[in-house]
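Report on the following structure.
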Amino acid sequence: MAGHRVFLSPSEEDLKGPTHVSRRKSPLARWIPVSLLLLSLVAAFNQKDILELVGFNGNVNIQAFWSYGALTLAWLAGAALLNQLVRQILWDRLVARAIGGPVPGVLKEISAFIVYLIALTCIVGLVFERSVTGFLAALGAGGVVLGFALRDLFVDIFTGLAINIDRTLAIGDWIEIDEGGGNVTVARIREMGWRCTSLVTEEQTTVIVPNGMLGRERVVNITQPIEPTRYEVSVTVDYSVPGDRVKRVLLASLKALATERGFDSTHTPVVLIDKASSRGADYLLRYWILPWDPQSPTAWKDLVLSSALHHLRTAGISLAYPKTDIFHAPMPARQIDGQTVDDEIKLLAKIDLFEPLQPDEIRHLAQTLHRHLTQAGQTLVHSGEEGESLFVLIEGLLSVHVERDGQLQQVAMLGPGQCFGEMSLLTGARRSATVICVTESVVYEIRKEALQHVMQQRPELVEHLS
């Protein structure tokens, strides 16, 4: 599978959440490094004038102290200024523009650490004129001790650094973390720091996970790359219903979602028998979507199951359930296959158009209707032809087309339980549209003679049909 995991978010912005924590600095804080740099340089190159101004006349020790302090401040202030330039120009502008998003804070903090480490090395070697080798050796020895004491912390730091360098995860990505034992966390990356990463779930709950966990556990990036991803859900239907009939109904329920934004029609949805269980046959519905564009995979699962249940219910097919009943009489019929008059009566009674009819009137229609099992691509009616019959779709999916500029253009889709052709039946007018089968379908055709008998006894039915 290209992807892996319905909840319709209140709004896209609510689900996105903040993707970057802004640390705004006051103008005073921004100018402090520059001010220190200028004062330190003035102090370093005008030591005698300043010493005379404050009353120190030629004291060598104080002059040395002032010189060391001034040059140290100059180096630190220069490092602070360089760090701000690197942060604002390199990270926040050039790199952020190149990667198309905010730069993780851990990279900025690592660059700041390197700048200050170089500044301290220069202070030791140039200002105090001490051996840089000894300073770096002492620094390395201290690093080894800290490494043993804080090894878990260093694992988190270097894992976060590796993730940022590889760009396998980025701020704003939706990820799925398999923690084992059936525990799966689906959340969006808000910020990636030195030690941990901040996530926001669909429920707008903040989750903090150590970076080391992202390196150890199985992590699925749902967002990247941005391309159609295959998902699947399953439903279980009783063995008494033929498999080809169930597939026909479920495939129509998937194709009915083709107009939903985010549903990828370039990949054909399929329905497969996944396995046979004690309850019945498990049917796998596979479909392709763009995750989080605009809906979450959970919301798509809701749409797919809702459509499947609607198509099954309209076709008279119920889901399987545990068989715990004990009968001392013939088993009652639990599924409607539409092959007998009694089944046709039950199916017609589910149609809203025939709701005002009495049971005997529905029976009359059922006894006189014509049942058509059509193939995908077959045309049921043509625009402009004469017709005196009403059609009721029981199973499958139909597309309605009208002629514009000499070409047929699709204007609607018909699902189970919907009717067409009633205007030709009532008025005798020619067909106004062409109806084509998208999938294999079951259609009931009710002729004018059969419905005329009912309308003569119930004149108000004509108004209801109109």
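Data overview
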{"item": "Cut-off under 5 Å, modelled amide H: who pairs with Ser389 long-range", "result": "Leu425"}
{"item": "Anisotropy class of region 317-466 from Cα gyration tensor, a/c 1.5 cut", "result": "oblate"}
{"item": "Filter on Lys255/Lys301; Lys255/Lys448; Lys301/Lys346 - keep pairs with C-alpha separation over 24 Å", "result": "Lys255/Lys448; Lys301/Lys346"}
{"item": "Fully extended contour minus Cα-Cα distance, from Leu85 to Arg97, at 0.36 nm per residue", "result": "2.7 nm"}
{"item": "Whole-Å semi-axes of region 350-411's equivalent ellipsoid (Cα gyration tensor)", "result": "28, 13, 12"}
{"item": "Charge context of Ala98, other residues only, Cβ under 13 angstrom, K/R +1, D/E -1", "result": "+2"}
{"item": "Two-site label geometry, Arg261 and Thr121: point separation in nm, points 7 Å out along Cα→Cβ", "result": "5.3"}
{"item": "Angstrom value of the Kirkwood radius, inverse mean 1/r, which spans all Cα pairs in region 190-260", "result": "16.7"}
{"item": "Using distinct alpha-carbon pairs, which all enter the 1/r mean, Kirkwood radius of region 393-443 in Å", "result": "11.7"}
{"item": "Per-residue ³J(HN,Hα) for region 70-85, Karplus 6.51 cos²θ - 1.76 cosθ + 1.60, θ = phi - 60°, Hz, x for Gly and Pro", "result": "5, 5, 4, 4, 4, 5, 5, 5, x, 5, 5, 5, 4, 4, 5, 5"}
{"item": "Centre separation in Å (Cα based) which lies between region 242-276 and region 302-322", "result": "12"}
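Every number here is computed from the coordinates shown, using simple stated rules; none is lab data. Computed from a prediction, not measured in an experiment: that's the story for all the values here. Cβ atoms come from the backbone with ideal geometry, glycine included; neighbour counts cover every protein chain shown.
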